[in-house]
1. Whether any residue in the range 84-101 is under 12 Å from the mean Cα position of the chain (by Cα), assigned to a helix (DSSP H, G or I), at negative phi and modelled with pLDDT under 85 is what I want to check.
2. I'd like to know if the range 43-56 contains one or more residues that are outside any helix (DSSP H, G or I), of a type in the set (A, V, I, L, M) and in contact (Cβ under 8 Å) with a residue 24 or more places away in the chain.
3. Just give me the residues in the range 1-42 being in a helix (DSSP H, G or I), exposed (fewer than 14 other Cβ atoms within 10 Å of the Cβ) and not polar (S, T, N, Q), in sequence order.
4. Looking at the range 43-78, which of its residues are under 16 Å from E16 (Cβ atoms), surrounded by 15 or more Cβ atoms within 10 Å (Cβ to Cβ) and not basic (K, R)?
5. Any idea how many residues of the range 64-77 are under 16 Å from G28 (Cβ atoms) and either over 10 Å from the mean Cα position of the chain (by Cα) or in a loop (DSSP other than H, G, I, E, B) (or both)?
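The values are calculated or read from the model by the stated rules, or taken from the named source; none is laboratory data. These numbers were taken from a predicted model, which means no experiment stands behind them. Note that each Cβ is placed from the backbone with ideal geometry, even for glycine, and that neighbours are counted across all protein chains shown.
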Amino acid sequence: MDQFAVAAKLNIRIDEVDMRIIAYLFYGGVMALEVLRQQLELSAVTYHLRIRRLIRESVVACDDDPINPAVRNLNLTVEARVALYDLEAEIRSAGILEGAHAF
């Protein structure tokens with residue numbers, strides 16, 4: 001995956017961990033904050049620092065779940081999703097989502 005193309009589209013600096021977060025949300029849509037962390041197998045501190053930065057950069061949005069307010073949901077912002085739309089084939093072919101996680 002050309003993470004530099006994705007970074008240029010989003011106008012931010014990202015690495016492979018950020019790319020994995022973005023890919024999961026790009027193909028998975030809305031995901032619970034803790035469910036995504038478990039799927040990515042990241043430490044809580046690393047994960048929350050990454051998510052906080054991606055929220056600050058307006059790549060990821062975080063809201064309360066409408067059914068269970070104790071759950072926080074993540075999704076890509078509309079702006080990020082539109083910016084990445086023409087890179088979909090590249091993101092999909094990157095193999096970021098292995099095996100059962102591939103969509």
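1. yes
2. Looking through the range 43-56, none of the residues is outside any helix (DSSP H, G or I), of a type in the set (A, V, I, L, M) and in contact (Cβ under 8 Å) with a residue 24 or more places away in the chain.
3. Of everything in the range 1-42, those that are in a helix (DSSP H, G or I), exposed (fewer than 14 other Cβ atoms within 10 Å of the Cβ) and not polar (S, T, N, Q) turn out to be F4, A8, E16, V17, E34.
4. Matches in the range 43-78: Y47, I51, L54, V59.
5. 5
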